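Comments concern the structure below.
The values are calculated or read from the model by the stated rules, or taken from the named source; none is laboratory data. From a predicted model like this one, the values you see are computed outputs, not experimental measurements. Every residue, glycine among them, receives a Cβ derived from its backbone with ideal geometry; neighbour counts consider all protein chains shown.
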Amino acid sequence: MASGLGYFLAIGSLIPVLPRYVETELGGGGLEVGLVVGAFAVSDGLVRPTVGRLGDRLGRRALATVGAAIAAISIAPLGLVNAVWFLIVMRLVAGLGEAGFFIGSATAAQDLAPPDRRGEAASYFSIAIYGGLAFGPVIGEYLYNNYGSGANWAFAAGGCAVGAVLAWFIPSDLGRVEDPQPAQGLLHPAAAIPGFVLLLGLLAFSGYGAFIPLYVDELGIDDAGPLFLVYGLVVMTVRILGARVPDRLGPVRAATGALSAISLGIGTIAIVGSTTGLWVGTVLLGIGMSLLYPALFTVVMENTPDGERSHAVGTFSLFFDLSQGLGAPVLGVIVTLTGAERPAFGAAAVLAVVGLYLTNTVLRRAVSTTPSATPLQGPPAPRR
């Protein structure tokens, strides 16, 4: 968690700075900003399945440490060449590091957790992710406004380096398989269905994040910031206080509750065109989102054989990238065709209901017919 917090604080600090740097210091326009911001996700998504298989051969420490180090190396030289193409290349390299660090560290958190507390481990690890992405932009904006872009590059590179150093304390043999089984294709079958359900649920937040800032104008609200703050606080609170909910309810029941809350939340925003409906929908959406990832991640881990967990995590997290890359554009088409945001929110609610149906049909059958994987060999996890 500490390694992840250092890393994601660094990555989060770049979010508000890169677009401004491209526009003000490199003279780029909207296309250039989009290419720089999107290059990171492109390389990240392309290599995740392959990197996941590699992590089962080399172990979790190697993947997390090298991934964070690659990210640090790609950020450190920013500003040395004042050209958009150089920034794009470095962002592509950073995406490779992101794939390695996320898969290695997220899988290590699962390997170190007792089998009956994997949902709790996923909840806690996600706090590092969301904590970094919540506070990182604040730090980055402060550094950029007061000390310039160079200070932000130094902070971000340093944060990734801290993540690499702390990742070195992951046991060296954790997750390492001496004679791994041949890969089962590009996507791991144990992660494909949970990953697709995750995609359907996360599309709701993709639409929320992209179009709520526009929708609030219709309701006479000046700033969408308080809504995002409340959403973030709800997610963090539920994941801390309800970390064991997926373990106690079971991952399928927890995913059912999460998708129900998501569909009700984004559906309320779509149907009730008022400030009250917006606030109620935001809280419900936050509750659902806080439980969805840990629940589905637990399904993946419980049904992945020994020696294939990194491959499965790579596949599962690929659907997260797809939700971020496809969600806003797809729902944006609906906004363009209808001229309003609420139909897009309604479409997101319908997709969450589809995910709810798949969870209680296809996913439930897959969980009931697949034996749970046995724990990986490695240092025993302490039980309290």
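Quick notes on this structure:
- Residues of the range 145-164 that turn out to be part of a helix (DSSP H, G or I) and surrounded by fewer than 20 Cβ atoms within 10 Å (Cβ to Cβ), as a count: 10
- Filtered residues of the range 1-38 (kept if modelled with pLDDT under 80 and in a loop (DSSP other than H, G, I, E, B)): ILE15, PRO16, GLY29
- Within the range 138-155, at least one residue is farther than 23 Å from GLY28 by Cα and at pLDDT below 90.
- Selection of first residues in the range 1-17 that are farther than 13 Å from ALA94 by Cβ and surrounded by fewer than 21 Cβ atoms within 10 Å (Cβ to Cβ) and of second residues that are modelled with pLDDT under 90 and of a type in the set (Asp, Glu), restricted to Cβ pairs under 8 Å at least 6 apart or on distinct chains, gives the following pairs, ordered by first then second residue: PRO16/GLU141.
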